[in-house]
Amino acid sequence: MKAGVKSATIAAAAMLSITLVPVLMLLFVRGHIVPEQKNPINRALIWIYRPMIEAVLRARGLTILAALLVLGASVWPASRLGSEFMPALNEGTLLYMPTTLPGISITKAAELLQVQDRIIKGFPEVASVYGKAGRAETSTDPAPTEMFETIINLKPQEEWRPGVTIESLTTEMDKALQFPGVSNAWTMPIKARIDMLATGIRTPIGIKVLGKDLGELDRTAKEIEAVVRKVPGTTSAYAERVIGGYFLDIVPDRDALARYGLLTGNLQDTIAMALGGEAVTTTVEGRERYTVNVRYPRDFRDNPEAIARDVLVSLPGGGAVPLGEIAKAEQTRGPNTIRTENGQLAVYIFVNMQGRDIGGYVADAQKAVADGVKLPGGTYLQWSGQFEYMSRAIAKLKIIVPLTLAIIFLLLYLNFGTLTETLIVMLSLPFALVGGLWLTWALGFNMSVAVAAGFIALAGVAAETGVVMLIYLDHAVREVKAACHAQERPFTKADLNRAIMRGAVERVRPKMMTVAAIMAGLLPIFWSTGTGSEVMQRIAVPMIGGMASSTVLTLIVIPAVYALIKGAGLPEAASAPIEAAATAKP
């Protein structure tokens, strides 16, 4: 949505620049216009830039070699950038989602929840805490009793202790909430809902174990959990215990039923009424109506022995028989959760990590699992969570980035009409990435979709500044060539250098204005705080660093490359002074 709005805005601005702006210039740009040469800022820029461009033209090859070395050195920060899908968006609220082993009672779950809430409320940054164990009163929340969800509302950051960040606060809380048999997970409420709807994984990284045998999947998931816990950066790893539920099985004895003249349906009706309850009437309280359910007291139904002894089944001829005489009641264990995905049974492993990028962590975890766990036949793994998002984004970027470069190349070729100038700008684009890579690494940002969007935008802006430089250089070269033709002498390398000096130095102001305008728009984004600033900063940082290196590239490297290419085949002979000839009237 944001990309569409931005694209529409840029398209509208481009249309206004070629339709409305010329009309406004005719209306408002009037009177005496101060010459560009009298502008003190412009004169200072020329005074600084002129000796630099003179040195560049004297050592073109050395300048290009230095630029290549700087480009090669950028491989170092690029290799140390981590990878993630998107930076964590600070919602101002934390969601604490611990998980215990199956079988915890409701009383113990409530007690543990109260202890956790009390510990969390003890942090001065916390405004309020609301915890929930198990499912809510809705069929859309099939959470088991062992899964807790605690919403932690935080105070405004101005009221926090000095030096405390959302990351350090989460780490402190995690250390304070270490309980035996409890696996912690930390996220944000909105992010958690989106992640669970999209992938079913509520932690940054999830491992899906898929196969056909639920028992094998359970054993394999536990082995993977043990291996992943040892990977550096892991704060918690929890594999679902699918074979951990307790069930009451009542198996009819059909021979006994036949002896007593009973049907299986008679037995099932009795079980449904005695254990589950049956509505026998409705009570009216004013305009409200409530059903009245009847079932056996808890002491008669809280264990298989009591059920077999105390639950009575009515006989057709009168009287009753204990349920244990016509059926076998026993407690068994089985799967408490059965997941299916892509036609396969699935068991999820939830992994929480801190202090590492997702791409590097998953690479280490995959290697550890491959070395330490032997998967049974027909069983395979899927790495999900944010890593799944990142994998999809990388696949799309492999299409978007080449397509963007192809569009830039096509537009440049349509603008210049020659392959030489087009390649000069295209070959200069990698140099524009230098500053972006170094600044991204220096700030500790990981490579993400937001950073990639910044680099894509940087490529377009760098191409724009390169086009401005080449247009002025071509214009100056055409003027000097016309002067040489008027003097009836050949165009030499010395003439080319003079033309480059004129085109580069005398037009340094518009090039610096372009860069300054872009930087002025990006710096407020870079310094912004609040919700959403994490994403916007990562879009702005590559462009800010890239604009710095792109400015050096445009003002120094492009003239050197231009002189090297355009000077090939030109004579070395010195030229007569042409400044006056270039401006003299015939």
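The values are calculated or read from the model by the stated rules, or taken from the named source; none is laboratory data. Quantities reported herein were computed from a predicted structural model and do not represent experimental measurements. Backbone-built Cβ (ideal geometry, glycine too); neighbour counts: all protein chains shown.
Which of the residues that make up the range 143-172 are in contact (Cβ under 8 Å) with a residue 24 or more places away in the chain and under 16 Å from residue 99 (Cβ atoms)?
If the condition is that a residue be in contact (Cβ under 8 Å) with a residue 24 or more places away in the chain and under 16 Å from residue 99 (Cβ atoms), then 144, 145, 146, 147, 148, 149, 150 are the ones that fit.
Determine whether residue 324 is modelled with pLDDT under 85, farther than 30 Å from residue 240 by Cβ and either within 57 Å of the chain's Cα centre (by Cα) or not in a strand (DSSP E or B) (or both).
Judged against the criteria, residue 324 is not a match.
Checking the condition more than 27 Å from residue 567 (Cα to Cα) and not in a loop (DSSP other than H, G, I, E, B), which residue from 52, 86, 25 passes?
Selected residue: 25, the only one of 52, 86, 25 that is more than 27 Å from residue 567 (Cα to Cα) and not in a loop (DSSP other than H, G, I, E, B).
Hey, can you tell me all the residues within the range 60-78 that are in contact (Cβ under 8 Å) with a residue 40 or more places away in the chain, surrounded by 12 or more Cβ atoms within 10 Å (Cβ to Cβ) and more than 33 Å from the chain's Cα centre (by Cα)?
Selection gives 60, 63, 64.
Could you figure out which of (1) out of contact with any helix residue (DSSP H, G or I) (no Cβ under 7 Å at 6 or more places or on another chain); (2) at pLDDT 85 or above isn't true of residue 357?
Just one mismatch for residue 357, condition (2).
Do the conditions hold for residue 333, that is, is it in contact (Cβ under 8 Å) with a residue 40 or more places away in the chain, more than 22 Å from residue 265 (Cα to Cα) and surrounded by fewer than 15 Cβ atoms within 10 Å (Cβ to Cβ)?
Yes.
Just checking, how many residues over the range 200-215 are surrounded by 21 or more Cβ atoms within 10 Å (Cβ to Cβ) and touching a helix residue (DSSP H, G or I) at 6+ places or on another chain (Cβ under 9 Å)?
Adding up the residues that qualify gives 8.
Residue pairs, Cβ under 8 Å, 6 or more apart or interchain, first in the range 300-317 and closer than 19 Å to residue 257 by Cβ, second small (Gly, Ala, Ser) and in a loop (DSSP other than H, G, I, E, B). List them.
315/261; 316/261; 317/261
One residue is enough: does the range 517-537 have a residue meeting the conditions among the polar types (S, T, N, Q), more than 28 Å from residue 49 (Cα to Cα) and surrounded by 15 or more Cβ atoms within 10 Å (Cβ to Cβ)?
yes
Anything in the range 440-454 that is in a helix (DSSP H, G or I) and surrounded by fewer than 22 Cβ atoms within 10 Å (Cβ to Cβ)? List them, or say none.
Hits for the range 440-454 are 441, 442, 449, 452, 453.
Among the residues of the range 321-330, what is the count of those that are without any contact (Cβ under 8 Å) to a residue 60 or more places away in the chain and surrounded by 15 or more Cβ atoms within 10 Å (Cβ to Cβ)?
Residues that pass the stated criteria total 1.
Residues to consider are 102, 142, 87; find the one that is modelled with pLDDT under 85 and touching a Gly at 6+ places or on another chain (Cβ under 8 Å).
102
Among the residues of the range 90-99 satisfying the criterion of being at pLDDT 85 or above and more than 30 Å from residue 245 (Cβ to Cβ), which is surrounded by the most Cβ atoms within 10 Å (Cβ to Cβ)?
Checking each candidate, the answer is 94.
Of everything in the range 174-199 that's touching a strand residue (DSSP E or B) at 6+ places or on another chain (Cβ under 8 Å), more than 19 Å from residue 391 (Cβ to Cβ) and of a type in the set (Val, Ile, Thr), which residue is surrounded by the fewest Cβ atoms within 10 Å (Cβ to Cβ)?
Result: 182.
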